[in-house]
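Okay, so here's the structure we're looking at.
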Amino acid sequence: MFSYIWPIALAVLSNTVYHISSKSVPEDISPFASLTLTYLIAALVSLGLHFALGGGSLIKEYGKLNWAPFALGLVIVGLEAGFMYAYKAGWQVSTAALVQSCFLAVILILVGRLCFDEALSWKKLLGAALCLIGIAIING
């Protein structure tokens with residue numbers, strides 16, 4: 001059970017600190033200047049963890065790559081910059097991520113069905129509808 005729960009707990013904890021950090025980036029700095037240091041630190045931590053956890057040759061590992069890490073690198077910049085600009089525009093930390101996550105949940109239901117042949121159930125559709133209703137309530 002622990003192996004099922006800890007990754008989500010790590011993601012929730014990391015996402016909490018992520019939003020606190022994003023909201024705390026100084027107003028007068030370019031988000032992209034901030035991101036250069038962010039990703040330098042991320043690269044160094046990732047490199048250290050790769051070897052600390054018994055990872056082998058990076059060259060061999062890189063040989064296994066497909067398009068996904070390149071796309072992930074690009075879209076993470078958009079994700080990070082999007083939240084920094086949202087916070088600069090006045091979004092509250094308590095609602096920006098919630099609104100984004102609700103829209104994302106609705107979109108990912110469709111992506112799951114169309115790209116990964118995941119089941120589309122009434123529960124998922126009802127959940128998506130509740131997300132959209134929640135967005136209307138929060139922003140109303």
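The values are calculated or read from the model by the stated rules, or taken from the named source; none is laboratory data. Model, not experiment: these values are computed from the prediction. Cβ atoms come from the backbone with ideal geometry, glycine included; neighbour counts cover every protein chain shown.
Show the residue pairs that are 6+ apart or on different chains and have beta-carbon atoms under 8 Å apart, the first residue being within the stretch 33-57 and within 22 Å of S21 (Cα to Cα), the second being charged (D, E, K, R) and assigned to a helix (DSSP H, G or I).
L35/E80; T38/E80
Determine which member of the set V12, V77 is under 18 Å from Q100 (Cβ atoms), part of a helix (DSSP H, G or I) and either of a type in the set (F, W, Y) or in contact (Cβ under 8 Å) with a residue 12 or more places away in the chain (or both). Give the derivation first.
Details: V12 fails: either of a type in the set (F, W, Y) or in contact (Cβ under 8 Å) with a residue 12 or more places away in the chain (or both).
Matching residue, one of V12, V77: V77.
Step by step: first the residues of the stretch 19-32, then only those that are surrounded by 10 or more Cβ atoms within 10 Å (Cβ to Cβ) and in contact (Cβ under 8 Å) with a residue 60 or more places away in the chain, then the one that is farthest from A97 (Cα to Cα). Which residue is that? Quick ask: steps written out before the conclusion?
So in the stretch 19-32, the residues surrounded by 10 or more Cβ atoms within 10 Å (Cβ to Cβ) come out as 19-23, 25, 29-32.
So of that shortlist, the ones also in contact (Cβ under 8 Å) with a residue 60 or more places away in the chain come out as 19-20, 22-23, 25.
Details: H19: 8, I20: 11, S22: 11, K23: 11, V25: 16 Å.
Out of the qualifying residues, it is V25.
Could you tell me which residue of the stretch 33-56 is modelled with the lowest pLDDT, considering only residues that are loosely packed, with under 10 Cβ neighbours inside 10 Å and not in a helix (DSSP H, G or I)?
G56
Here are A105, A71, A97: which of them is in a helix (DSSP H, G or I), surrounded by 15 or more Cβ atoms within 10 Å (Cβ to Cβ) and either free of Cβ contacts under 8 Å to residues at least 12 places away in the same chain or touching a Phe, Trp or Tyr at 6+ places or on another chain (Cβ under 8 Å) (or both)?
Numbers: A105 fails: either free of Cβ contacts under 8 Å to residues at least 12 places away in the same chain or touching a Phe, Trp or Tyr at 6+ places or on another chain (Cβ under 8 Å) (or both); A71 fails: surrounded by 15 or more Cβ atoms within 10 Å (Cβ to Cβ).
Among A105, A71, A97, only A97 is in a helix (DSSP H, G or I), surrounded by 15 or more Cβ atoms within 10 Å (Cβ to Cβ) and either free of Cβ contacts under 8 Å to residues at least 12 places away in the same chain or touching a Phe, Trp or Tyr at 6+ places or on another chain (Cβ under 8 Å) (or both).
Take the conditions small (G, A, S) and in a helix (DSSP H, G or I) and apply them to G90. Does it pass?
Details: small (G, A, S): yes; in a helix (DSSP H, G or I): no.
Spelling it out, it is not the case that G90 is small (G, A, S) and in a helix (DSSP H, G or I).
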